[in-house]
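**Student:** Input: one structure, supplied below.
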Amino acid sequence: LAVAADAQAQGNYPQRPITMVVPFAAGGPTDVIARIVGEHMSHTLGQQIVVENVAGAGGTTGITRASQAQPDGYTIMMGHMGTHGAAPALYPNLKYDPAKDFAPVGLAAGTPILIVARKDFPANDLKGFVEYMKTNGDKVNMAHAGVGSVSHMTGIFFNSVIKAKPTMVSYSGTGPALNDLMGNTVDFMTDQIVNVAPQIQGGNIKAFAIATPVRSPVLPNVPTTKEAGLDGYEVSAWNAVFAPKGTSPEIVKKLNDALVKALADENTKKRLLDLGGVIPSDAERSPEALQKLVETEVARWTPVLKAAGTKAQ
Ligand code: MLT
């Protein structure tokens, strides 16, 4: 009887609003992607997706909580390269295993990383910045969204490449970090394009380089790290929808179908593309592809981050 009731509940899913946990502050990159994609998913599913911001510990607080929710499809989450790629290397007591404790739903967006600084930082290009860091690095503050976040992992990786040791300043997300960058209270950060592109376009912050092999169409004047003379620093992040482990395949399929529809929708695509987001290819949109990505990313980043060391924190 219980099995039959369960099957019926899954068949009718969803019958009430779905909570999507965003493990960072509102207004930042993860939140923005969750709201854009979630809005269209809500139309398909016929129920509202309500974003809940649960910030802390580089995203691991929110993801831990969401991973322990009932696996009934009513709590899902937006994870990313930090929470599901870097966290195991940086948190010895992490309460979840990115590859084992989730039912992956699908990739939502790729987000190239940019090296950005406050508007009046005393360097005008990446070469000048790297030079400046050599002599004044200990006086420079680098913002990030907590140990294990994308801005933190890409930040300590960047610092290890240019051999700099700025003072690390932690925020609940790069949304608030960006506000402080614009307010001149911190000096620089490495952040995802969807957060910083509008402020670079508006001239409110400086962009030294984008860490991708080619420039972004939304920031045609920002050189790639390679063009700017820096080898060995190419990195792009990703954001993806996960459900807690044990969520039924029927529910995961409904969520994945809704995500795939969102990514095929012209308006949703335009909103992501206008911010410099990268739309996942058809092959990248399946739960299986996301499972593989998580496994590959944990394996790829663990040695890099261990080598970059925890000194930078
Ligand atoms: C955010 O939404 O604040 C970011 O994704 C934080 C980060 O991981 O850097």
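**Student:** Can you put Arg300, Arg271 in order of accessible area, largest first, using a 1.4 Å probe?
**Tutor:** In descending accessible area the options line up as Arg300, Arg271.
**Student:** Given charges of +1 on the Cβ of Lys and Arg and -1 on the Cβ of Asp and Glu, with all other atoms neutral, how large is the dipole of region 212-313 about its Cα centre, in debye to the nearest 20?
**Tutor:** Charge dipole, region 212-313, about its Cα centre: 240 debye, nearest 20.
**Student:** Something else about it: Run the 1.4 Å probe and let me know the accessible area of Glu266, rounded to the nearest 10 Å².
**Tutor:** So the heavy atoms of Glu266 present about 130 Å² to solvent.
**Student:** So who's got an amide H within less than 5 Å of the one on Val169, skipping anything under 5 residues away but keeping other chains? H placed 1.01 Å off N, in plane.
**Tutor:** Distant-sequence amide H within range of Val169: Met142, Ala143, His144.
**Student:** Now for a separate question. For region 155-218, which whole-number percentage of the solvent-accessible area (1.4 Å probe, protein heavy atoms only) is attributable to carbon and sulfur atoms?
**Tutor:** Ligands and nucleic acids excluded, carbon and sulfur give 52 percent.
**Student:** Give a residue-ordered list of calculated ³J(HN,Hα) values for region 118-134 (Karplus: 6.51 cos²θ - 1.76 cosθ + 1.60, θ = phi - 60°; whole Hz; x for Gly, Pro).
**Tutor:** 4, 3, 9, 4, x, 7, 10, 8, 5, 4, x, 5, 4, 4, 4, 5, 4
**Student:** Next question, about the same structure. Can you run phi through the Karplus equation (6.51, -1.76, 1.60; θ = phi - 60°) for region 47-59 and list ³J(HN,Hα) in whole Hz, with x for Gly and Pro?
**Tutor:** Values, residue by residue: 9, 5, 9, 9, 7, 10, 7, 10, 8, x, 6, x, x Hz.
**Student:** Under the classification rounded if a/c is under 1.5, otherwise prolate if a/b is larger than b/c and oblate if not, where does region 266-313 fall, given a ≥ b ≥ c as square roots of the Cα gyration tensor eigenvalues?
**Tutor:** Oblate shape, in that a/c is at least 1.5 and b/c is the bigger or equal ratio.
**Student:** Still on this model: Over all directions, average the projected area of the Cα convex hull of the chain and note it in nm².
**Tutor:** In nm², the orientation-averaged hull projection of the chain is 14.9.
**Student:** Please list the non-local residues whose amide H lies under 5 Å from the amide H of Val21, H modeled 1.01 Å from N, same-chain partners needing a gap of 5 or more.
**Tutor:** Correct list: Glu52, Ile76, Met77, Met78.
**Student:** For the pair Lys253 and Thr185, how long in nm is the line joining their label points, each one 7 Å along Cα→Cβ?
**Tutor:** Calculated label separation equals 5.0 nm.
**Student:** Over the chain, with the other protein chains present, what is the accessible area per residue in square angstrom, probe 1.4 angstrom?
**Tutor:** Details: 12870 Å² over 313 residues.
Computed with neighbouring chains in place, this is 41 Å² per residue.
**Student:** Along the positive direction of the dipole of the chain (beta-carbon charges: Lys, Arg +1; Asp, Glu -1; about the Cα centre), which of Gly175, Leu90, Gly106 reaches farthest?
**Tutor:** Leu90
**Student:** Counting only C-alpha contacts under 8 Å and six or more residues apart, can you give the relative contact order of the chain as a whole percent?
**Tutor:** About 28 percent, as a whole number.
**Student:** Sticking with this one: Need the full-extension length gain, Asp97 to Lys226, defined as separation in residues times 0.36 nm minus the C-alpha distance. One decimal, nm.
**Tutor:** 43.0 nm
**Student:** Now for a different question. For the chain, what is the calculated [θ] at 222 nm in deg cm²/dmol (nearest 500), taking -39500 (n - 2.57) for each run of four or more DSSP H residues and dividing by its residue count?
**Tutor:** Theoretical 222 nm ellipticity from helices: -12500 deg cm²/dmol.
**Student:** Would you work out which of Ala66, Met41, Thr135 lies farthest towards the positive end of the dipole of region 16-139? Charges go on Cβ: Lys and Arg +1, Asp and Glu -1.
**Tutor:** Farthest towards the positive end: Thr135.
**Student:** Collect residues whose amide H, placed 1.01 Å from N in the peptide plane, falls under 5 Å from the amide H of Tyr91; neighbours closer than 5 in sequence don't count.
**Tutor:** none
**Student:** Any chance you could run the full-extension gain for Lys127 through Arg16? It's 0.36 nm times the residue separation minus the Cα-Cα distance, nm to one decimal.
**Tutor:** On the way: separation 111, 0.36 × 111 = 39.96 nm, distance 5.34 nm.
Between Lys127 and Arg16, full extension yields 34.6 nm more.
**Student:** Follow-up. Which ³J(HN,Hα) values, rounded to whole Hz and listed in residue order, are derived for region 72-77 from phi using the Karplus coefficients 6.51, -1.76 and 1.60 in 6.51 cos²θ - 1.76 cosθ + 1.60 with θ = phi - 60°, glycine and proline given as x?
**Tutor:** The phi angles translate into 10, x, 8, 10, 10, 8 Hz.
**Student:** In debye, nearest 20: dipole of region 88-186 around its Cα centre with unit charges on the Cβ of K, R (+) and D, E (-)?
**Tutor:** The calculation lands at about 160 debye.
**Student:** Let me ask another. Rounded to the nearest 20 debye, what is the charge dipole size of the chain about its Cα centre when +1 sits on each Lys and Arg Cβ and -1 on each Asp and Glu Cβ?
**Tutor:** 480 debye
**Student:** Same structure, new question: For Lys226, which lysines qualify as cross-link partners when the Cα separation must be under 25 Å and same-chain residues fewer than eight apart are set aside?
**Tutor:** Lys119, Lys127, Lys134, Lys163, Lys165, Lys206, Lys306
**Student:** If eta is 1.567 mPa s and T is 4 °C, what Stokes-Einstein diffusion coefficient results for region 85-197, Kirkwood Rh from Cα pairs, in µm²/s?
**Tutor:** Approximately 86 µm²/s, per Stokes-Einstein.
**Student:** Please calculate the 1.4 Å probe accessible area of His43, with all protein chains present, and give it to the nearest 10 Å².
**Tutor:** His43 has an accessible surface of roughly 130 Å² with all protein chains in place.
The values are calculated or read from the model by the stated rules, or taken from the named source; none is laboratory data. Remember, it's a predicted structure, so these values are computed and weren't measured experimentally. Positions of Cβ are backbone-derived with ideal geometry, glycine not excepted, and every protein chain shown enters the neighbour counts. Ligands, DNA and RNA are stripped out before the accessible areas are found, and what is left, the full protein with its side chains, is counted by its heavy atoms. Shrake-Rupley method; radii C 1.70, N 1.55, O 1.52, S 1.80 Å.
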